[in-house]
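The values are calculated or read from the model by the stated rules, or taken from the named source; none is laboratory data. Small disclaimer: the values here were computed from a predicted structure and weren't measured. With ideal geometry, Cβ positions are generated from the backbone for all residues, glycine too; neighbour counts draw on all protein chains shown.
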Amino acid sequence: MMKMSFQSVLLAVSVITTTGLMSGCQSTQPVDQHNLTLLEHAPFKVLEVESQEEIFVLDEQIIASLKQHFRQDAQPEIKHAQMIMQFLLENGDASLSYMSDANLTASQTYQNLNANCLSLSILAYSLSDFLNLEAEFQKVHVPEYWASSRGYNFLSGHINLKIHEDRTKYYTKKVLHTAPRTLTIDFDPNSRQQAFKTTPISKDRVTAMFYNNKGAIHMVENKYDLAFSYFNAAINIDENYSSAWANLAILYRLSDQLETAERLYNQAIALNPNNNTAKGNLAVLYDLTNREEQAKNIRGQLHQFRKSNPYYILTLGNQAMEDGNIAKAIRHYRNALKLNNRLHEGHFALAKAYYAKGDLKLTKTHMKRALDLAEFEHNQVQYRGKLEWLDAVAKN
């Protein structure tokens, strides 16, 4: 598989700390029916994927366990959701890793908790629904965030879950007369600490995000028929989901169908004019079709929009490291930390750059800083292990 640079491909996924600029905006133009017809005659084999019911259903073992914990004569209260969410947070911390490939159904997530935040939110929704607590997914308007995996750059979005006591549904026959209460469940500590704007999104949109994530992973693995099947499923359940169209365009581009890919990129942008992932990848297509000036204009606009985003600057540093330009990478990493000096990813990146340069003292300094700032256990374990290794190297 050819390795892609930041300028060459961004995959939009919908997992956090995981996959995905999430496109929650209303479409400004209707879906081109010709593009929908294209999907019916695509050069890919359509394979079976999970249904929406299969994604959200709780299996019999889970239901039996829930019935043991919650008496049938108990009122459906917010505290019940709090108890379950606390269990998930305490047991699932190590699995909340960016770009986790574990895009799991609700039942799969409950069984092993090795899932990304989208999957955990789906599980939380299903558990809340079982307890007759009304759950509503919300798009969280976080800054653009990238991570690299297998030669691709993934742009991630974020969702959380708002739970209401639903007075129209009851696990029992009793009636509540108190005012309904709400609880927001958010599996990302950074999002919990900051008051980001949120927008309600539908269960169909979240299902489309699930399909989109799985399609992106299969595309990276060169399983193009399976990738198409998931992108197609995403569009079938929510044809206004811009990110699915954008990733489908990447699939066509990788299959050397550039004219169709361009049409699909434009469809993604028409549905969400703020889909910068689609715009950046359209610039790549312009390069491939000898329209360098148009590509340059798009990249210039995107740079102006993103230059105050430390995660974008970190990604430029990562690109410089891949190109072997350590000095340039260090400049980018330091500039990112000037924008936000509490990014553990920035200090970890600097540590790697200084190690490549042979400066073990600064390597250790920034590795310690990364450890101090890391909130997830899996990051702490990673950084602590590298510090122990550096200490062993210093002794030798």
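When you look at Ser202, is it of a type outside the set (Phe, Trp, Tyr), within 18 Å of the chain's Cα centre (by Cα) and surrounded by fewer than 22 Cβ atoms within 10 Å (Cβ to Cβ), yes or no? Answer is yes for this residue.
What pairs come out if I take residues in region 278-300 that are assigned to a helix (DSSP H, G or I) and pair them with residues that are of a type in the set (S, T, N, Q) and surrounded by 17 or more Cβ atoms within 10 Å (Cβ to Cβ) whose C-beta lies under 6 Å away, six or more apart or interchain? Between residues of region 278-300 that are assigned to a helix (DSSP H, G or I) and residues that are of a type in the set (S, T, N, Q) and surrounded by 17 or more Cβ atoms within 10 Å (Cβ to Cβ), the close pairs are Val284/Ser8.
Inspect region 322-336 for any residue being touching a Lys or Arg at 6+ places or on another chain (Cβ under 7 Å), assigned to a helix (DSSP H, G or I) and hydrophobic (A, V, I, L, M, F, W, C) and give the result as yes or no. Checking region 322-336: at least one residue is touching a Lys or Arg at 6+ places or on another chain (Cβ under 7 Å), assigned to a helix (DSSP H, G or I) and hydrophobic (A, V, I, L, M, F, W, C).
Take the conditions farther than 30 Å from Pro30 by Cβ and at pLDDT 95 or above and apply them to His347. Does it pass? Spelling it out, His347 is indeed farther than 30 Å from Pro30 by Cβ and at pLDDT 95 or above. Annotation note: of Gly324, Gly280, Gly317, the sole residue that is among the small types (Gly, Ala, Ser), assigned by TED's automatic domain parsing to the domain that holds Phe376 and within 22 Å of the chain's Cα centre (by Cα) is Gly317.
For the structure I just gave you, tell me whether Ser156 is at pLDDT below 70 and assigned to a strand (DSSP E or B). Against the criterion (at pLDDT below 70 and assigned to a strand (DSSP E or B)), Ser156 does not qualify. Among residues of region 195-206 that are within 20 Å of Ile235 (Cα to Cα) and modelled with pLDDT of 95 or more, those with a beta-carbon under 8 Å from a residue that is of a type outside the set (Gly, Ala, Ser) and assigned to a loop (DSSP other than H, G, I, E, B) at least six positions away or on a different chain give the pairs Ile201/Met22; Ser202/Asp238; Asp204/Asp238; Arg205/Asp238; Arg205/Tyr241. Suppose the filter is of a type outside the set (Gly, Ala, Ser), modelled with pLDDT under 55 and surrounded by 13 or more Cβ atoms within 10 Å (Cβ to Cβ); does Tyr170 pass it? Taking the combined requirement at face value, the residue satisfies it.
Confirm whether Arg342 is assigned to a loop (DSSP other than H, G, I, E, B) and either among the aromatic types (Phe, Trp, Tyr) or more than 25 Å from Leu251 (Cα to Cα) (or both). Here the answer is yes, as Arg342 does meet what is asked. Residue by residue through region 238-279, note down the ones that are under 13 Å from Leu38 (Cα atoms) and β-branched (Val, Ile, Thr). Passing the criteria: only Thr260. Selection over region 123-137 of residues that are in a strand (DSSP E or B), of a type outside the set (Gly, Ala, Ser) and crowded, with 21+ Cβ neighbours inside 10 Å gives a count of 2.
Yes or no, residue by residue, for (1) part of a loop (DSSP other than H, G, I, E, B); (2) at pLDDT 80 or above:
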{"position": "Ser121", "(1), (2)": "no, yes"}
{"position": "Ala147", "(1), (2)": "no, no"}
{"position": "Leu161", "(1), (2)": "no, yes"}
{"position": "Pro180", "(1), (2)": "yes, no"}
{"position": "Ser191", "(1), (2)": "no, no"}
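Within region 375-384, the only residue that satisfies the criterion of being closer than 12 Å to Ala351 by Cβ and crowded, with 19+ Cβ neighbours inside 10 Å is Tyr383. Among the residues of region 385-396, the ones that are assigned to a helix (DSSP H, G or I) and either surrounded by fewer than 14 Cβ atoms within 10 Å (Cβ to Cβ) or in contact with an Asp or Glu (Cβ under 6 Å, 6 or more places away or on another chain) (or both) come to 8 in all.
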